[in-house]
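Visitor: Starting off with a structure, shown below.
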Amino acid sequence: MFSDTGRKALILIVDDQEIIRKKVIEALGVDNYDFLEAEDGQRAVQLFLEKHPDIIMLDAVMPKMNGFEACRFIRETEKEAHAPTPILMITSLSDVDSVNEGFAAGVNDFIQKPINIDILRRRLELMIKQQDYDEKLRKSEERFRMMAENALDCIVMVRLNPFRYEYISPVIERITGYNVDEFYHDPRLLSKIIYHRDREKLKLMINEGISEHQLYDIRIMHKNGQLVFVESQVVPVITNKTVIGLQIISRDISQRKKDEMRRRLESTKKALFETVKALSSTIEIRDPYTSGHQNRVAELAVAIAKEMDLDNPRIDAVQTAALLHDIGKITIPAEYLSKPGDLSDLEFSIIKHHPVVGYEILQPIEFHRPIAQIVYQHHERIDGSGYPLGLAGDEILLEARIIGVADVVEAMSSHRPYRAALGLDIALQEVSSHLGDRYDADVGKACLRVFEKGDFMFSSAPFRKQTDGGKR
Ligand SMILES: [Fe+2]
């Protein structure tokens with residue numbers, strides 16, 4: 001009887017002598033087994049195909065088709081089967097050649113005539129036990145395979161000393177680009193694809209002792225040349241206190257790593273931006289007349305850059321440089337900045353030096369874009385009339401040309417100690433009448449469009465105080 005189903009084993013008894021068949025059935029008992037009978041090989045094969053018996057007792061010498069022929073036929077039919085049907089050959093032949101022929105035909109075991117029922121019963125019990133065990137193993141393997149092959153995680157089971165793969169789940173192809181056969185073909189492939197910088201790290205971690213609670217983060221080189229981040233759990237297989245194998249469960253965590261890196265980058269960017277803003281307002285503390293000037297220039301410069309369809313990294317650069325464009329004024333004596341009326345040539349030349357000082361302050365800082373250069377050039381003009389270098393046309397970075405225009409528009413519409421606010425209209429008039437000479441024509445036109453559209457506003461009002469003053 002089979003343990004998992006409680007079903008009686010079905011035995012096909014094949015013998016040309018009916019009396020032998022009946023004696024066996026009577027001795028084994030119909031309460032213990034179900035029986036099928038065949039009087040020759042042909043009938044046996046037919047019943048085998050139709051009824052799928054669990055065990056076949058097969059006489060060797062029979063008319064029409066003998067036991068060896070029937071056995072060969074059955075084995076041929078079962079070539080693809082996961083478990084061949086056990087065949088017990090009943091024979092009075094005791095010569096070695098017949099036994100060899102029987103084994104060659106696929107017989108599992110022999111029993112001599114006259115049949116000793118006790119021996120037969122024990123053989124049958126052993127065969128059923130074996131079948132029971134094979135079936136349980138098959139089902140458990142099937143369950144494991146189903147689980148492993150449908151799981152998102154990749155399972156690799158290896159045997160050590162000597163190294164060989166015992167199981168590799170097909171999902172490995174999705175993670176590494178190599179299929180299961182490629183791994184079986186090259187036992188070293190698994191270690192070869194570990195990114196060389198992580199190979200030593202992994203060795204060290206494993207030498208410290210494998211713990212199934214430890215997760216190993218390593219990078220592997222995908223077949224397409226890209227690095228894949230993998231998180232692995234390594235479970236040692238231990239027999240007699242010796243690690244004889246490893247079960248490695250791995251998952252692709254590239255997306256998680258990418259998200260982490262993006263979050264880190266965003267938070268660094270945010271921290272940098274906050275620092276830049278803090279620095280920007282610190283400079284303006286010394287000069288209340290220009291309080292908020294850099295912030296307002298940054299707002300307008302960003303609007304112009306967007307109007308000109310610049311990409312995001314360049315827009316960010318315009319914003320950062322605009323927020324810091326007057327950082328060089330930190331070295332100018334405060335009384336120059338708030339002095340009403342005209343400045344002397346010397347005072348003016350000191351003020352004109354501020355882009356150089358700004359460049360020197362910012363140059364050592366590693367920005368992704370040339371922020372220091374942009375600040376250096378924000379007073380340059382297209383016709384070469386600007387300062388400090390007198391650069392012209394394309395010699396001036398586009399970002400600096402944008403900040404140049406935004407700076408003029410904001411400054412002219414705000415009050416300065418040396419003059420009253422001129423107003424936005426006059427500021428825009430200045431831009432439109434100097435397109436292509438003082439100001440880059442494309443930048444100037446984009447600035448005019450920004451105001452024409454009417455959806456731009458400075459977030460804080462420019463400083464306005466009606467007083468007379470010179471123009472600087
Ligand atoms: Fe400036």
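Bear in mind these aren't lab numbers, they're just calculated from the coordinates by the rules spelled out. Keep in mind the model is a prediction, meaning the values are calculated, not measured. Backbone-built Cβ (ideal geometry, glycine too); neighbour counts: all protein chains shown.
Visitor: Using label points projected 7 Å from each Cα along Cα→Cβ, tell me how many nm separate Arg159 and Ala81, to one decimal.
Guide: About 2.7 nm separates the two model spin labels.
Visitor: Turning to a different aspect of this structure: So how far apart, in nm, are the two label points at Ala392 and Arg199 if each is 7 Å from Cα heading toward Cβ?
Guide: About 6.0 nm separates the two model spin labels.
Visitor: Using the alpha-carbon centroid of each, what span in Å lies between region 1-72 and region 206-222?
Guide: 56
Visitor: Given Cα pairs under 8 Å that are at least 6 residues apart, what percent is the relative contact order of region 14-136?
Guide: 22
Visitor: Is region 9-148 best put as rounded, prolate or oblate by its Cα gyration tensor, with a ≥ b ≥ c the root eigenvalues, rounded for a/c under 1.5, and otherwise prolate when a/b is larger than b/c, oblate when not?
Guide: prolate
Visitor: As an exercise, find the ratio Rg/Rh for region 96-174 from alpha-carbon atoms, using the Kirkwood inverse-distance average for Rh.
Guide: Computed over Cα atoms, the ratio is 1.23.
Visitor: Setting aside same-chain residues fewer than 8 positions from Lys352, which aspartates and glutamates have a Cα under 15 Å from its Cα?
Guide: Hits, sequence-local ones excluded: Asp326, Asp342, Glu360, Glu380, Asp407.
Visitor: Report the relative contact order of the chain, percent, no decimals, based on alpha-carbon pairs under 8 angstrom and at least 6 residues apart.
Guide: Once divided by the residue count of the chain, the mean separation gives 8 percent.
Visitor: Follow-up. Taking loop as defined by DSSP and a crowding limit of 14 other beta carbons within 10 Å, which GluC sites (Glu not before Pro) in region 307-360 fit?
Guide: In loop regions of region 307-360 (DSSP not H, G, I, E or B), there are no sparsely surrounded GluC sites (Glu not before Pro).
Visitor: What size of dipole, in debye to the nearest 20, comes out for the chain about its Cα centre when the only charges are +1 on Lys and Arg C-beta atoms and -1 on Asp and Glu C-beta atoms?
Guide: Around 1260 debye, computed over the chain.
Visitor: Which of rounded, prolate, oblate describes region 258-453, given a ≥ b ≥ c as roots of the alpha-carbon gyration tensor eigenvalues and a/c under 1.5 marking rounded, otherwise prolate only if a/b is larger than b/c?
Guide: Oblate is the answer for region 258-453, as a/c is 1.5 or above yet b/c matches or exceeds a/b.
Visitor: What ³J(HN,Hα) values, in whole Hz, does the Karplus curve 6.51 cos²θ - 1.76 cosθ + 1.60 give for region 147-156 when θ = phi - 60°, with x put for Gly and Pro?
Guide: Ordered by residue, 3J(HN,Hα) equals 5, 5, 7, 9, 6, 6, 7, 9, 10, 10 Hz.
Visitor: Given R₀ = 35 Å, what would the calculated FRET efficiency be for Ile244 paired with Glu266, taking r from the Cβ atoms and rounding to 0.05?
Guide: 0.15
Visitor: Now for a separate question. Determine, for Lys453, Lys329, the number of other Cβ atoms within 10 Å of each Cβ, and report the residues in order from fewest to most.
Guide: Lys453, Lys329
Visitor: Still on this model: I want to check the label-to-label distance for Asp309 and Thr282. Put each point 7 Å from Cα in the C-beta direction and report it in nm to one decimal.
Guide: 4.0
Visitor: Further question: As an exercise, use a Förster radius of 25 Å and the Cβ-Cβ distance of Glu69 and Leu10 to find the FRET efficiency, rounded to the nearest 0.05.
Guide: The computed FRET efficiency comes out at 0.65.
Visitor: So how many Å³ per residue does the convex hull of the Cα atoms of the chain work out to?
Guide: Output value, Cα hull per residue: 257 Å³.
Visitor: May I pose another question? Taking +1 at the Cβ of each Lys and Arg and -1 at the Cβ of each Asp and Glu, which of Leu88, Ile128, Leu279 sits farthest along the dipole of the chain towards its positive end, judged by Cα position relative to the Cα centre?
Guide: Working it through, the farthest residue towards the positive pole turns out to be Leu279.
Visitor: Given only helices, namely DSSP H runs of n ≥ 4 each adding -39500 (n - 2.57), what is the per-residue ellipticity at 222 nm of the chain, to the nearest 500 deg cm²/dmol?
Guide: Mean residue ellipticity at 222 nm (helix-derived): -15000 deg cm²/dmol.
Visitor: Hey, another quick one. Expressed in nm to one decimal, what extension gain is obtained for the pair Asn207 and Phe367 from 0.36 nm per residue of sequence separation less their Cα-Cα distance?
Guide: Gain on extension, Asn207 to Phe367, equals 53.4 nm.
Visitor: Moving on. If you place +1 on the Cβ of every Lys and Arg and -1 on the Cβ of every Asp and Glu, how big does the dipole about the Cα centre of region 1-78 come out, in debye to the nearest 20?
Guide: 40
Visitor: State the Cα centre-to-centre distance between region 436-460 and region 113-175 in whole Å.
Guide: So the separation of the two Cα centres works out to 77 Å.
Visitor: Pairs of alpha-carbon atoms within less than 8 angstrom and 6+ residues apart define the contacts here; what relative contact order does region 258-453 have, in percent?
Guide: Worked out over region 258-453, it gives 20 percent.
Visitor: If the limit is 22 Å between Cα atoms, which of Lys277/Lys306; Lys277/Lys453; Lys269/Lys306; Lys192/Lys241; Lys129/Lys241; Lys258/Lys306 go over it?
Guide: Distance filter (> 22 Å) returns Lys277/Lys453; Lys192/Lys241; Lys129/Lys241; Lys258/Lys306.
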